[in-house]
1. Charges at C-beta only: +1 for Lys and Arg, -1 for Asp and Glu. How large is the resulting dipole of region 93-208 about its Cα centre, in Debye rounded to 20?
2. If you take the beta carbon distance between THR113 and LEU266 as r and set R0 to 41 Å, what does 1/(1 + (r/R0)^6) give as a FRET efficiency, to the nearest 0.05?
3. Choose one of TRP220, ASN241, VAL265: the residue whose Cα lies farthest towards the positive end of the charge dipole of region 204-285 (beta-carbon charges +1 Lys, Arg; -1 Asp, Glu; about the Cα centre).
4. Hey, got a sec? Which trypsin sites (Lys or Arg not before Pro) in region 197-271 land in a DSSP loop and have at most 12 other Cβ atoms within 10 Å?
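Bear in mind that the values in this text are calculations on the coordinates, not laboratory data. Keep in mind that this is a model prediction, so the values were computed, not measured. Methodologically, a virtual Cβ is constructed for each residue, glycine included, from the backbone with ideal geometry; neighbour enumeration extends over all protein chains shown.
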Amino acid sequence: MRSSLRDSTPKGRRSMPLKTLVVLLFAIILMGGPGVGAAFQPPLQHIHQGRKSVSFSPVSPKPQAKARQTLAIRGGGSKMVAPMAAVVVSKSGLLASWAIALGGFLIRNYKATKPWPSILLTGSRRGWNFVHAVSSTIFSGTILVTTLLEWLVVRSASPTVIKFWFLTIPRIDVAIVLPALTGAVVSGVAQSVQEYGTVKEAPKYIKSVLHLMATFGLWWAATDRPTQRQARQAVQLWLENKASGPVPSILQWRRGSNLVSCSFVLVLYILMVLKPGRPDLPPIR
């Protein structure tokens, strides 16, 4: 009796809780939850302000809140800087909502017997292929180009250029990266549905691409998003000290983190171009 009950349980439901937790974790990291992703990030360097020294760590939110308010202590007075908390929270909320929606779309179609929404069955495959090619090119190209530009920006050590860059990155994420990623994912699922019926019946390389994209999303949310906020704070403090000394160490750490992100993109392209394991393709020699 027990074995028959086990066999009658849909296999798709067993993996749903785990995938749902992954999506929620992705959203929490994007929102900048306390302590989340701190293990991936180095502590910020000490910033000397007159006679006082403040250490900023990504684990404790109190020094960060103080850093946003007081940037310089001169002769007992304090110089206040207009907080950017409202802008950061609104953008983080948008990114988190977007991540939940995109993750829910993938979970719904990953092992479903019928595609959702039904619009995935409409339109020509050539049209979906075009959307997928354009979206994937914009997504990967933006990541590669911004990595190169940020490397050059940090190398220049120009206070004006560095400040402009770290105020611009969040806008690039919202305006370019996420829309392109959404177009690539939706069009990719639509192609799989039209060619194989469901994502479940698709070859392994398609599922490998989805798994790798989910892993890349977690890496990006745990490293890139939190360090953007820390970099802005560190740059503001560095500028208040007249850009004395080397650039903040968090900027150097981001250079290595961005290279890891680029490696994810390269592996994704290898899987999509070579399509290992596709039935109608000859084996690669």
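1. 240
2. The formula returns an efficiency of 0.75 here.
3. Checked the options; the winner is VAL265.
4. Details: sites: LYS200, LYS204, LYS207, ARG229, ARG232, LYS242, ARG254, ARG255; in loops: LYS200, LYS242.
Within region 197-271, the qualifying trypsin sites (Lys or Arg not before Pro) (loop, at most 12 other Cβ atoms within 10 Å) are LYS242.
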